[in-house]
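*Asks:* Here's a structure for you.
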Amino acid sequence: MRLLKESVEFPNLFSGDIEIDRVAFKLFGLDIYWYGILIALGVVLGFLYAMKHSKKVGLISDNVFDIAFIGIIVGFIGARAYFCLFYNLMNPEADNKYNLITMFTKIHDGGLAIYGGIIFGVIAALIACKVKKSPFLPLLDIAAPAILIGQSIGRWGNFINQECYGAPTAGNLPWGMTGTKIALDPIVIEAMGSNAEKTNVLVHPCFLYESLWCIVGFLLIHFVANKIRSFDGEVFLYFVLWYGSGRAWIEALRTDSLYAGSLKISQVIAIASAVLALIMIIYFRIFTKKEQKPLYVNTDLSRERFELFEKKIKLDNEKSDAKKAVKKAKKEASQKIAPSILGESVEDSETKDNEIQKNNEDETNDKNENNNEDKGGQEK
């Protein structure tokens, strides 16, 4: 039972509040939250994007499906483990610290860290690529825009939960927001002070900043980075550079960051990864130009694998068509068989009937001929 109606407001944009409910619906008595639905939607759309564009980087879609599936599962586990680990480090005296069991039994409490998901997902994908003997770097190039799709959609789950918002604004920010849960934040209460007129302390909608940042990043990667790609893995480095740069300044605004001492973990990782990605892009572009190393999609190995894959698909289709033809022939044959006590087919019965009819006609003709002969003899 909810004691307080949940809502959010953007008073500088329009009057009135937006009522929100974290629970989308119930399934077998369990609450299904919008947060989970939006994350799942983002993952599915990103997955479909990767599957559709796998051929552009020289990868077989079937392999991408298997590897991406493993990477997504392990990535979710990594995102949760990352959050729980640093939460425990930040709150050593807390009664609600996570362990290996509650890390997953309390998943409804929320708490997923994107960097943990990326790190664990990439490691799992690397191992899967080694097992399936599939190239790893081209996979990263189609994973990059897929991650941006998922993150841009998943962040709206934070809007529903009224979380991942920033520090109080000056008050005149057009898109500044507040809400029933936000108003209870100690930082917001402190910003109100003793001024009774400051009933609406607005905060930065950091979830919105990151969602828009990811959408712009996706468009840049899809329409620009893919066209200037000169080495495998370059698009993924552009993703790391773009996302890290945005996350660094967005994290500076947030009030719910995970800390290691006085440092915001996500901000440190964002800055370090962005700088490293920029260095690697410059280095490998120079190296690739000197060595004239082709992209995997342009290699003989990639073409040979596609030819084998297409032959396999063709053979499988032919086998499927043959099975359908045999099944259809058997069905047509069975339809011609009539149930009979004698166990005879319709054709056999018809043949016998024709023979009996023919024999009767022959006997009748013989009798008529005999009668005619007798009559002729009498006339003589």
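Values quoted throughout were computed directly from the atomic coordinates according to the rules given, and no laboratory measurement underlies them. Only a predicted model underlies this, so the values are computations on that prediction, with no experimental measurement involved. Neighbour counts are summed over all protein chains in view; Cβ atoms, including those assigned to glycine, are modelled from backbone coordinates with ideal geometry.
*Asks:* May I ask you to evaluate 6.51 cos²θ - 1.76 cosθ + 1.60, the Karplus curve with θ = phi - 60°, for each residue of the stretch 240-253 and list the ³J(HN,Hα) values in order in whole Hz, giving x for glycine and proline?
*Replies:* Once rounded to whole Hz, the list reads 4, 5, 5, 5, x, 5, x, 5, 4, 7, 5, 5, 5, 8.
*Asks:* Rounded to the nearest 0.05, what FRET efficiency do Val326 and Ile73 give with R0 = 35 Å and r taken as the Cβ-Cβ distance? Could you check?
*Replies:* Using R0 = 35 Å, I get an efficiency of 0.35.
*Asks:* How much length is gained if the chain between Asn317 and Ala40 is pulled fully straight, taking 0.36 nm per residue apart and subtracting their Cα-Cα distance, in nm to one decimal?
*Replies:* 96.5 nm
*Asks:* Still on this structure: Taking a virtual spin label 7 Å from the Cα of Leu13 along the C-beta vector, which residues in the stretch 148-166 bring their backbone nitrogen under 17 Å of it?
*Replies:* 152-166
*Asks:* Using Cα pairs closer than 8 Å and at least 6 residues apart in sequence, work out the relative contact order for the stretch 152-292, in percent.
*Replies:* Computed value for the stretch 152-292: 25 percent relative contact order.
*Asks:* From the phi of every residue in the stretch 205-211, what ³J(HN,Hα) in whole Hz does the Karplus formula 6.51 cos²θ - 1.76 cosθ + 1.60 yield, where θ is phi - 60° and glycine or proline is x?
*Replies:* Rounded to whole hertz, the list is x, 4, 4, 5, 4, 5, 4.
*Asks:* Quick check on the exposure proxy: order Thr178, Thr169, Thr105 from fewest to most C-beta atoms within 10 angstrom.
*Replies:* Ascending number of Cβ neighbours within 10 Å: Thr105, Thr169, Thr178.
*Asks:* Fewest first, what order do Val131, Val268 take by the number of other Cβ atoms within 10 Å?
*Replies:* Final ranking by Cβ density, sparse to dense: Val131, Val268.
*Asks:* Next question. What is the spin-label model distance, in nm, from Val216 to Lys97 if the labels are put 7 Å beyond Cα along the C-beta direction?
*Replies:* Computed distance between label sites Val216 and Lys97 equals 4.1 nm.
*Asks:* Then there's this: From the cross-link list Lys55/Lys311; Lys132/Lys319; Lys130/Lys311; Lys132/Lys227; Lys132/Lys312; Lys55/Lys227, which pairs have alpha carbons spaced over 21 Å apart?
*Replies:* The pairs that break the limit, which is 21 Å between Cα atoms, are Lys132/Lys319; Lys130/Lys311; Lys132/Lys227.
*Asks:* State to the nearest 20 debye the size of the charge dipole of the stretch 220-342 about its Cα centre, where the only charges are +1 on K and R beta carbons and -1 on D and E beta carbons.
*Replies:* Dipole about the Cα centre, nearest 20: 680 debye.
*Asks:* For the stretch 12-50 and the stretch 90-158, what is the centre-to-centre distance using only Cα atoms, to the nearest Å?
*Replies:* After rounding, the separation between the Cα centres reads 19 Å.
*Asks:* Right, another one. Got a sec to turn the phi values of the stretch 24-31 into Karplus ³J(HN,Hα) couplings, 6.51 cos²θ - 1.76 cosθ + 1.60 with θ = phi - 60°, whole Hz, x for Gly and Pro?
*Replies:* Coupling constants for the stretch 24-31: 7, 6, 10, 9, 6, x, 9, 7 Hz.
*Asks:* Please list, in chain and number order, the residues 5+ apart from Gly233 or on another chain whose amide H is under 5 Å from its amide H, with Hs placed from the backbone.
*Replies:* Asp141
*Asks:* Quick one: net charge around Ile269, please, counting Lys, Arg +1 and Asp, Glu -1 for every other residue with C-beta under 10 Å from its C-beta.
*Replies:* +1
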